[in-house]
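**Student:** Take this structure, written in C-alpha cells, and hold onto it; I'll ask about it next.
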Amino acid sequence: MRWSSNGIILNFSKHNEKSYILEIFTEEHGKHKGLIRGLHSKNKRSIIEPGNEVFASWSGRLETHLGNYNIEPIKLWSSHILQFKEKLSAISSICSLISLTMAESQPNPVIFFSSRKLIEIISKTEKEWIKEYVFWEMQLLSEIGYGLDLERCAVTSKSSNLNYVSPSSGRAVTDEGAGDYKSRLLILPKFMTESNADYQSKDIYDALNLTEFFFKKRFFSPNNLNFPQSRNRLKEVFNH
C-alpha cells in the first residue's frame with residue numbers, strides 16, 4: 001500500500017542508529033507514523049523538526065503497519081524561530097495537541113489548514129501570532145466536540161459585556177449574570193469576543209488558562225492523558 005500527501009511534522013523518536021519513527025499530520029490521511037532512514041547529517045535531521053511542512057510518501061504492507069516514509073521539505077519553519085523560545089513553545093504545543101487529540105489515520109482538513117496557516121503566522125509575525133494561537137485552540141476544542149459558546153450570556157442572553165465563562169457549561173456570562181458567583185467563573189478576555197479589543201500579557205494568560213481548563217476537563221483528564229509541557233511553558237511566558 002502506498003500514498004503521498006502534504007503534511008506537518010508532529011514529532012520524531014530515534015528507532016536505532018540509522019532510523020527514526022516519524023509522526024506526521026497529513027492533509028489526506030490524518031495523523032500517521034512511519035519509519036524514516038538516511039538522516040545522517042544535521043541538515044537532513046533538521047527537516048524532521050516539529051512544525052515543518054513536508055511532502056510525505058508512505059508505503060507499507062497494510063495501513064495499520066508502521067510502514068516507511070520518504071519526505072521532501074516544503075517549508076522549514078523551525079529554522080525561522082530558533083532564537084525565539086516562546087515561538088518554539090507555541091509550535092511544539094500545536095504539534096503536541098494535534099498528536100494527542102487527533103484520531104489516527106482520520107483526516108481533519110479544518111485543523112490541518114488552520115494549523116499550517118498558524119505556523120506560518122508564528123514564523124513571520126512579531127505579536128499577532130499569539131492571538132491567532134488562542135483562536136486556534138478554540139477551534140481545536142470545537143473540532144474534538146467540546147466547543148465553547150461565547151456568543152451570549154447563559155443567564156441573561158445578552159451579547160455584550162461578556163466577562164466570564166461558566167466552568168460547568170462552557171458558556172459566556174456577563175457581570176450581571178455572574179452575580180455573587182464571579183469567583184467561581186473563568187475570566188473571558190475581551191479580545192476573545194470583541195474583534196477590536198486590545199490585549200496585554202494578562203489577557204493572553206487568562207485566555208490560555210480558559211482553553212486549558214476545558215481541554216483538561218473534557219479531554220485530557222477523561223482519557224488519562226498528561227497536558228503537554230510545551231503548552232505549560234507557553235502559558236508561563238505570559239504570567240507577569
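The values are calculated or read from the model by the stated rules, or taken from the named source; none is laboratory data. Being a predicted model, the structure only gives us computed values, none of them experimental. For neighbour counting, all protein chains shown are included, and Cβ atoms are generated from backbone atoms with ideal geometry for every residue, glycine included.
**Student:** Is it the case that residue 213 is touching a strand residue (DSSP E or B) at 6+ places or on another chain (Cβ under 9 Å), surrounded by 14 or more Cβ atoms within 10 Å (Cβ to Cβ) and in the same structural domain as residue 97 (by TED's automatic domain parsing)?
**Tutor:** yes
**Student:** Is it true that some residue in region 112-127 is assigned to a loop (DSSP other than H, G, I, E, B) and closer than 17 Å to residue 53 by Cβ?
**Tutor:** no
**Student:** Now for a separate question. Identify, please: which residue in region 120-158 is over 18 Å from residue 211 (Cβ atoms), of a type in the set (Ser, Thr, Tyr) and out of contact with any Ser or Thr (no Cβ under 9 Å at 6 or more places or on another chain) and is, among those, surrounded by the fewest Cβ atoms within 10 Å (Cβ to Cβ)?
**Tutor:** The extreme case among them is 157.
**Student:** Test residue 100 against the criterion of being of a type outside the set (Gly, Ala, Ser), outside the structural domain of residue 31 (by TED's automatic domain parsing), in contact with a helix residue (DSSP H, G or I) (Cβ under 7 Å, 6 or more places away or on another chain) and within 24 Å of residue 237 (Cα to Cα), and give yes or no.
**Tutor:** no
**Student:** Which is free of Cβ contacts under 8 Å to residues at least 40 places away in the same chain and surrounded by 17 or more Cβ atoms within 10 Å (Cβ to Cβ), of 48, 91, 24?
**Tutor:** Selected residue: 48, the only one of 48, 91, 24 that is free of Cβ contacts under 8 Å to residues at least 40 places away in the same chain and surrounded by 17 or more Cβ atoms within 10 Å (Cβ to Cβ).
**Student:** Another question, if that's okay. Sort out which residues of region 1-51 are touching a helix residue (DSSP H, G or I) at 6+ places or on another chain (Cβ under 8 Å) and either assigned to a helix (DSSP H, G or I) or assigned by TED's automatic domain parsing to the domain that holds residue 94 (or both), and write them in order of number.
**Tutor:** 46, the sole residue that qualifies.
**Student:** Run down 146, 164, 199 and say which single residue is in contact with a strand residue (DSSP E or B) (Cβ under 8 Å, 6 or more places away or on another chain) and among the hydroxyl-bearing types (Ser, Thr, Tyr).
**Tutor:** Matching residue, one of 146, 164, 199: 164.
**Student:** Find all pairs meeting these conditions: Cβ atoms under 8 angstrom apart; at least six residues apart or on different chains; first residue within region 208-222 and basic (Lys, Arg); second residue not in a loop (DSSP other than H, G, I, E, B).
**Tutor:** 218/141
**Student:** If you scan region 137-196, which residues turn out to be more than 30 Å from residue 117 (Cβ to Cβ) and in a helix (DSSP H, G or I)?
**Tutor:** 175, 176, 177, 178, 179, 180, 181, 182, 183, 184
**Student:** Now for a separate question. Going by the conditions given, is residue 114 under 21 Å from residue 225 (Cα atoms) and surrounded by fewer than 21 Cβ atoms within 10 Å (Cβ to Cβ)?
**Tutor:** Judged against the criteria, residue 114 is not a match.
**Student:** Could you tell me whether region 92-110 includes any residue that is part of a helix (DSSP H, G or I), over 13 Å from residue 25 (Cα atoms), modelled with pLDDT of 95 or more and hydroxyl-bearing (Ser, Thr, Tyr)?
**Tutor:** Yes, region 92-110 contains at least one residue that is part of a helix (DSSP H, G or I), over 13 Å from residue 25 (Cα atoms), modelled with pLDDT of 95 or more and hydroxyl-bearing (Ser, Thr, Tyr).
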